[in-house]
Amino acid sequence: MSTPTPIPHRTQVAIIGAGPSGLLLGQLLHKAGIDNVVLEARSAEYVLGRIRAGVLEQVCVDLLDEAGVGERMHREGLVHGGIELAFAGARHRIDLQTLTGGKTVMVYGQTEVTRDLMDARAASGAPIVYEAADVQLHDFDSATPRVSYTHDGVRHELACDFIAGCDGFHGVCRASIPKERIQNFERVYPFGWLGILADVPPVADELIYSNHARGFALCSMRSKSRVRHYVQCSLQDKVEDWSDARFWDELKSRLDPEAAEHMVTGPSIEKSIAPLRSFVAEPMRFGQLFLAGDAAHIVPPTGAKGLNLAAADVRYLSRAFMEFYADKRTAGIDDYSRKALRRVWKAERFSWYLTSLLHKFPAGAGDTGEFGHRMQTAELDYLVHSTAAMTSLAENYVGLPFEE
Ligand code: RFL
Ligand code: PHB
């Protein structure tokens, strides 16, 4: 995709990063008549090649509708009213819809969300620069922040009122904040997820999360004919260590016999390993610079919260900017970090809880090894027989309500 319109030297909001956070924020602001420029380090094709999240909460679906990009999602996405937990050789359904008074989730890949947002951006003619190299932030503590970058070998400068740092975990925005002004909280897990994408029918109608003595497994999907499956793997593992045959055998060995028997296998069309991490940076505002999405926090993918949390930040931030430009009210801007972090920490807690409940932890200190596995099995057994416990899981999985 080429750069569609001439890039202005001044805008209201400079958005760094064209992942879901940056693109969604850009689209919501554009619809509200707020000028913005998106600067992305990579090409559009590269961004679309990253296979990531697959489950959208209702609040994320609503926000995509508000941005005017929900049409294909409603046509092609799969509405799920439950998930299955597999352990001790059997599967147990958690009826999300009944337990939450009618709430569901939408199974629709992050790649498709990103594509819909990129298409809408191109159609709107709002400026976006792909392959913007060496992005640097200037004077974000002042009323006249600027961003400089190189595009096609030429250095450019963009003056703005605000900078939205939507540039993911390895981006430049959080890295630009002096160490003494930011506090990081982190937990790195001693394993990763090996994921594959394959064009075969899903093994069941809903997602299966499996706790097994050999390690965690997840059967997810992108459509009725494309699956996304994961197995917990060692951090030392390389993608090349995992042939398709080894992957399918390992996945089957971690599922209940019925699922293993009905599994349709096929060649992988993508295969990658992701490390698991919990991370929060506080605060999320530094003068005129606001962090959103993975730039500010990371969750392990077990709770399917990463993308949804990014959307939640964008919801708060877009409203804050809209209030500011409509009638100069700064309450939303001033309260952004506090409100966003309250939600972030709850999603961190849930993602950490599900990760702890479902993975095999190497023997060591605390609830690990064989003792830890027995604790997990007892907790899972309690969970699937207690309406109170299942309701707690369900209300977190479908997404907690917003603080207005
Ligand atoms: P993104 O998607 O990382 O987008 C950030 C964008 O910023 C660009 N960028 C820069 N641009 C300009 N200048 C710079 N200096 C820049 N540095 C970086 C990047 O190229 C990129 O395009 O963050 P965003 O928008 O906040 O979206 C967050 C979600 O992507 C993320 O939370 C989820 O995908 C997390 N996640 C998963 N979540 C789930 O719910 N389920 C999953 O299965 C799942 N799998 C994953 C994941 C995240 C992964 N990462 C980050 C490595 C698997 C992986 C591998
Ligand atoms: C996915 O489909 O990629 C997916 C689904 C649920 C998760 C994590 C990843 O919890």
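The values are calculated or read from the model by the stated rules, or taken from the named source; none is laboratory data. The model shown is predicted, which means the values in this text are computed figures rather than measured ones. So basically every Cβ, Gly included, is an ideal-geometry build from the backbone, and we count neighbours across all protein chains shown. These area figures cover heavy atoms from the full protein model, side chains too; ligands, DNA and RNA do not enter into them. Shrake-Rupley method; radii C 1.70, N 1.55, O 1.52, S 1.80 Å.
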Return the residue satisfying two criteria in turn: it lies in region 103-125 and is over 23 Å from residue 202 (Cα atoms) and of a type in the set (Asp, Glu), and of such residues it is most open to solvent (accessible area, probe 1.4 Å). 119
Check off (1) touching a His at 6+ places or on another chain (Cβ under 7 Å); (2) assigned to a loop (DSSP other than H, G, I, E, B) for residue 219 and give me the number that stays unchecked. (2)
Check 200, 113, 135, 147 and return the single one that is part of a loop (DSSP other than H, G, I, E, B), β-branched (Val, Ile, Thr) and either within 15 Å of ligand 1 (Cβ to nearest atom) or over 23 Å from the mean Cα position of the chain (by Cα) (or both). 200
Need the failing condition index for residue 366 against (1) farther than 23 Å from residue 162 by Cα; (2) within 23 Å of the chain's Cα centre (by Cα), just the number. (2)
Give just the number: which of (1) in contact (Cβ under 8 Å) with a residue 40 or more places away in the chain; (2) open to solvent by 40 Å² or more (accessible area, probe 1.4 Å); (3) out of contact with any strand residue (DSSP E or B) (no Cβ under 9 Å at 6 or more places or on another chain) does residue 100 not satisfy? (2)
Subset of region 347-363, residues open to solvent by 20 Å² or more (accessible area, probe 1.4 Å), part of a loop (DSSP other than H, G, I, E, B) and of a type outside the set (D, E, K, R), comes to 361, 362, 363
Filter pass, residue 190 being out of contact with any helix residue (DSSP H, G or I) (no Cβ under 7 Å at 6 or more places or on another chain), open to solvent by 10 Å² or more (accessible area, probe 1.4 Å) and assigned to a strand (DSSP E or B): yes
One residue from 272, 278, 210 being of a type in the set (Gly, Ala, Ser), touching a Lys or Arg at 6+ places or on another chain (Cβ under 6 Å) and closer than 30 Å to residue 42 by Cβ: 278
Of all residues in region 57-71, how many are of a type outside the set (Asp, Glu) and open to solvent by 50 Å² or more (accessible area, probe 1.4 Å)? 2
What single numbered condition from (1) in contact with a His (Cβ under 8 Å, 6 or more places away or on another chain); (2) surrounded by fewer than 18 Cβ atoms within 10 Å (Cβ to Cβ); (3) not aromatic (Phe, Trp, Tyr) fails to hold for residue 195? (2)
Given (1) modelled with pLDDT under 95; (2) assigned to a helix (DSSP H, G or I); (3) open to solvent by 50 Å² or more (accessible area, probe 1.4 Å); (4) not basic (Lys, Arg), identify the lone condition not met by residue 366. (2)
It is to be established whether one or more residues within region 78-91 are surrounded by fewer than 23 Cβ atoms within 10 Å (Cβ to Cβ), acidic (Asp, Glu) and either closer than 30 Å to residue 381 by Cβ or out of contact with any Lys or Arg (no Cβ under 9 Å at 6 or more places or on another chain) (or both). yes
Name the single residue, out of those in region 269-324 being among the acidic types (Asp, Glu) and under 30 Å from residue 234 (Cβ atoms), that is farthest from ligand 1 (Cβ to nearest atom). 270
Of the conditions (1) part of a helix (DSSP H, G or I); (2) in contact (Cβ under 8 Å) with a residue 60 or more places away in the chain, residue 402 satisfies every one except a single condition; which number is it? (1)
Test residue 344 against the criterion of being of a type in the set (A, V, I, L, M, F, W, C), in contact with a Ser or Thr (Cβ under 8 Å, 6 or more places away or on another chain) and open to solvent by less than 20 Å² (accessible area, probe 1.4 Å), and give yes or no. no
Scan region 173-186 for residues that are more than 16 Å from ligand 1 (Cβ to nearest atom) and either under 17 Å from the mean Cα position of the chain (by Cα) or surrounded by 12 or more Cβ atoms within 10 Å (Cβ to Cβ) (or both) and jot them down. 182, 185
Every residue from region 237-273 that is small (Gly, Ala, Ser) and farther than 20 Å from residue 212 by Cα: 243, 266, 268, 272
